[in-house]
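Shown next, in structure tokens, is the structure this report addresses.
The values are calculated or read from the model by the stated rules, or taken from the named source; none is laboratory data. Everything numeric here is computed off the predicted structure, so don't read it as measured data. Heads up, the Cβs are rebuilt from the backbone with ideal geometry, glycines too, and the neighbour counts pull from every protein chain shown.
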Amino acid sequence: MAFNDTLVIRRLTCPEDCRACVEACMNKRGLPAIKAVHLPEVGFHSIVVCNQCSNPKCAEICPTGAISKNETNGTVTIDSDKCVGCGLCTLVCPYGGIYYDYTQEKSFKCDRCYEEEPQCAAACPYGVLSFARSHQVYLHFHDEDLLASATGLCAGCPAELAARVMLRVLGRKVITFRTPGCQPIFISRVSSIPTLMTNIASSMTGASRYLRKIGRDDVICACFVGDGATADVGFQPLSGAAGRGEHILYICNDNEAYMNTGIQSSSTTPLGAWTTTTWVGKRSRGKGEAGKYMPLIMLMHNVSYVATATVAYLEDYVLKLEKAKEAVKHGMAYLHLHTPCPTGWRAPADKSIELSRLAVETNYFPLWEAEDGRLHLTHRVDKPKPLKELTKLQGRFSHLTKEELEQLQQIVDERFALIERLASS
Amino acid sequence: MTTKKHLIVGSGAAGLAALREIRSISDEDEIKVVSMEDCLPYSPTTLPYLLSGKIEESKLWIVDEEYFKKMRCQLALGKRVVEVAPEQKEVIYEGGERERYDTLLIATGSEPIVPLIEGMEEVGFFGFHTLQDYQELTRRLERGYVALIYGGGLVAMGLASGLIKRGCKVKMVVRSRILRLYFDTDAGALIARVFLAQGAEIISGREIKRVGKRGDKIEAVLTDGSSLSGDIFISCLGTTPRVSFLQGSGIEVNSGIVVDDSLRTNKEDVYAAGDVAEAKDFFTGQRGLNAILPSAVEQGKIAGANMAGERHEYEGWISMNVFHFFGSGACSIGLTGADEGMEVLKEEDKDEGRFKKLSFQDGRLVGAEFVNVDVDPGVILYLIKNRLKIGKHKELLLQKPVEVSRWLMVRNEREGDGL
């Protein structure tokens, strides 16, 4: 399995005439393998660099087999002893990522600085270039898959993926807690304790305290429960446990309603959304109030680690799980997962990941984390998409008028502004 | 599901691409590659570079035995197929041995054209197409050796540049003009100028009427009565598909093996790819030969996928090449002629030896030629392949081909992402 760490070009345009990345690359290797493209005539300023393709055309065509994709780090590299300098690779690369060196009379390209942090990304002052270590995700795919292969969830439910990744990262030294509800962790190879929606946090507290008493603080008490148990019926013990800083890892699988029992509204259900208890008709226009934003409420409890995550940004989720796993040693860790529900949201089953991604790209569900109360955004969206992009895929919002959608947009904007203020303070 | 046995005849670029593709689709199927040459796969493209000493001979092989083991592919070297029997689903090897297949790929490549000139038997035909040709040539070469090259295509030019680098004298006879298929007259003249400055002699617009031995020298007499003398005569008049073994097989052969858009021949489960195949032209949709490495790889991939049971369609080949010589570089992609309805923009700087030419049809780029302009040829190809509307940016593309082509590519990629 290749660890596909990637150089990410954010969809921003670069400042005019900036050559910081090109110069950093030149300092490192003489000839720049990243190219700045400045075209003031059309206002285009950006960069091109090798994509490290999964099926590189340059490697397919190389007549001496000099180009190959490194199986351990995913980098596409040229064996200079084998390169004849025919330039055919430059003819088939559609992305302008491989070049001809007239001095050496051989091809050259970005080697992503091998195992080091790429110099171009380190030198970019504008956040256009960054280095994504999706490596971390793949590392965990060497670990045992602790979740059963079958799932009792609805078609297209992303909670299975979220739970599978959760167990891969947490490993075997864990006791999972569950409640009635959509429960992807029901069948797994780790111990699991069923509790009720109203007492899950206190049950975990008891188990965790006992484990610490007998010297087994290496075992993590973790749950994967819905928004109803978290924000409504189980809120009191959760708030209590958070206030006391219990050593528990609490994952809220937020699909924005009581989905398992038949799509009844919960306190995280957003304004205007249809559910079976918030009808759409003459006297009711879906839910009448804004959804409760649990992650900030948990942050205000002085929890050691609070983060938001979605499966569309898996590497971000994995890093947060790793931090949460570490944070439980010092106090409580709370992860708030946003989980599209095709059934309850009246959305196509094949659009779950897209919905997760759109929720982030519209700032509806910003990705952030707070370590010991210090909040920062882990994925900044450059040009947030209008909320409509997210709502138009969901039947539960199909009745919304322009004005109603604007109200929801306003809630999203205000909430995001608040998070940004917290992030910058 | 039952597993299939895929037989690939030929271990060149097309055969290897098919092997990769089949294995990536099917983990179970049996694959066998048969090569008539008694050595690991190599590409004729590299021979001029071997000659100029760019790499060691030991670095020539595209893949090694280990690779075939990893791909779980049986490799049979030095085995020549002499007959194909599509009704029995069998190939027959030299010596009479028969082998069954479920799907067959004919990727036997091409062989050099032997010129019909007087005295050819006396002098002996010498081409520059196989490793054996290269080995024989280097065995004979001495410093100061004079080589007579007949032809002015890419193989001839590559050979000439390799020989010059080894300190040989090169005399070329070209029937029309050099690199006629890839570059127009002006661009060709710029390239020729570089070769002339390196001491090459290029006689254009003449044919060789007769060759013969005179002492230990070889003499060539041209159509205009003049004559040239050298130590070796190498003919590079292009190639022709290696199809003679298909006679009587019922597989349709025109100038090459005729294939449909799935790269299948007229016979079920028999596919052809690479130099040997007469496949669809990207622009006209007509069948035609296109003996270049990029087309071989592309066709091999599509044929392989279809052999493994998927359904893939070939977009058609586009004529293209890149050529580096004595610190200069040239590339040609797409159409080079000035057909009706084609808009051509051209710019030349004779002093700097720079040349740019773009051909458009209906506002779309259909051809490009560059000499000593450091463009990304692949990005230019991207614009052509994706039939991007260039519209009002044509002039700008000519002025700043590097930046504008990258911009159009990036814009299209990002819009493709829904941005």
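Would you check which residues across region A:76-110 are crowded, with 22+ Cβ neighbours inside 10 Å, assigned to a loop (DSSP other than H, G, I, E, B) and within 38 Å of the chain's Cα centre (by Cα) and list them?
A:C93, A:G96, A:G97, A:C110
Return the only residue of B:S110, B:S176, B:S161 being within 23 Å of the chain's Cα centre (by Cα), farther than 29 Å from B:L60 by Cα and among the hydroxyl-bearing types (S, T, Y).
Exactly one residue qualifies, and that residue is B:S176.
I'd like to check something: does region A:206-218 contain any residue that is in contact with a helix residue (DSSP H, G or I) (Cβ under 8 Å, 6 or more places away or on another chain), surrounded by fewer than 19 Cβ atoms within 10 Å (Cβ to Cβ) and in a loop (DSSP other than H, G, I, E, B)?
Filtering region A:206-218 down to residues in contact with a helix residue (DSSP H, G or I) (Cβ under 8 Å, 6 or more places away or on another chain) leaves A:217.
Still in the list and also surrounded by fewer than 19 Cβ atoms within 10 Å (Cβ to Cβ): A:217.
Next, only the ones that are in a loop (DSSP other than H, G, I, E, B) stay: A:217.
Within region A:206-218, one or more residues are in contact with a helix residue (DSSP H, G or I) (Cβ under 8 Å, 6 or more places away or on another chain), surrounded by fewer than 19 Cβ atoms within 10 Å (Cβ to Cβ) and in a loop (DSSP other than H, G, I, E, B).
Every residue, every condition in (1) in a helix (DSSP H, G or I); (2) touching a Ser or Thr at 6+ places or on another chain (Cβ under 7 Å); (3) at pLDDT below 95, yes or no:
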position	(1), (2), (3)
A:D382	no, no, yes
A:L390	yes, yes, no
A:L393	no, no, no
A:L400	no, yes, no
A:L405	yes, yes, no
A:Q409	yes, no, no
A:R415	yes, no, no
A:L418	yes, no, no
A:R421	yes, no, no
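Given the criteria out of contact with any helix residue (DSSP H, G or I) (no Cβ under 8 Å at 6 or more places or on another chain) and more than 28 Å from B:G353 (Cα to Cα), does B:K394 qualify?
Against the criterion (out of contact with any helix residue (DSSP H, G or I) (no Cβ under 8 Å at 6 or more places or on another chain) and more than 28 Å from B:G353 (Cα to Cα)), B:K394 does not qualify.
Of the residues that make up region B:367-383, is at least one closer than 30 Å to B:L105 by Cβ, at the interface with chain A (Cβ under 8 Å from one of its Cβ atoms) and either loosely packed, with under 15 Cβ neighbours inside 10 Å or without any contact (Cβ under 8 Å) to a residue 24 or more places away in the chain (or both)?
yes
Which one of these is under 21 Å from the mean Cα position of the chain (by Cα) and either of a type in the set (A, V, I, L, M) or surrounded by fewer than 21 Cβ atoms within 10 Å (Cβ to Cβ) (or both): A:L405, A:L367, A:L400? Before the answer, list the steps.
Details: A:L405 fails: under 21 Å from the mean Cα position of the chain (by Cα); A:L400 fails: under 21 Å from the mean Cα position of the chain (by Cα).
Answer to the selection: A:L367.
May I ask you to verify whether A:Y126 is of a type in the set (F, W, Y) and either away from every other protein chain (no Cβ under 14 Å) or in a loop (DSSP other than H, G, I, E, B) (or both)?
It is true that A:Y126 is of a type in the set (F, W, Y) and either away from every other protein chain (no Cβ under 14 Å) or in a loop (DSSP other than H, G, I, E, B) (or both).
Would you be able to say whether some residue in region B:267-274 is of a type in the set (S, T, Y), buried (at least 20 other Cβ atoms within 10 Å of the Cβ) and touching a strand residue (DSSP E or B) at 6+ places or on another chain (Cβ under 8 Å)? Spell out how you get there, then give the answer.
Step one: filter region B:267-274 for residues of a type in the set (S, T, Y), giving B:271.
Going one step further and asking which of them are buried (at least 20 other Cβ atoms within 10 Å of the Cβ), we end up with B:271.
With touching a strand residue (DSSP E or B) at 6+ places or on another chain (Cβ under 8 Å) added as a condition, the list becomes B:271.
Yes, region B:267-274 contains a residue that is of a type in the set (S, T, Y), buried (at least 20 other Cβ atoms within 10 Å of the Cβ) and touching a strand residue (DSSP E or B) at 6+ places or on another chain (Cβ under 8 Å).
Considering only region A:40-55, I want to know if a residue exists there that is of a type in the set (S, T, Y), at pLDDT 90 or above and under 19 Å from B:N412 (Cβ atoms).
Among the residues of region A:40-55, at least one is of a type in the set (S, T, Y), at pLDDT 90 or above and under 19 Å from B:N412 (Cβ atoms), which makes the answer yes.
For residues in region A:25-52 being within 12 Å of chain B (Cβ to nearest Cβ) and under 28 Å from B:I25 (Cβ atoms), which is surrounded by the fewest Cβ atoms within 10 Å (Cβ to Cβ)?
In this case the residue turns out to be A:N51.
Which count do you get for residues in region B:342-387 that are in contact with a strand residue (DSSP E or B) (Cβ under 6 Å, 6 or more places away or on another chain) and not in a strand (DSSP E or B)?
So the count comes out to 10.
Give me the residue from region B:46-97 that is aromatic (F, W, Y) and more than 10 Å from every other protein chain (Cβ to nearest Cβ) and, out of that set, farthest from A:C62 (Cα to Cα).
Filtering first and then ranking leaves B:Y93.
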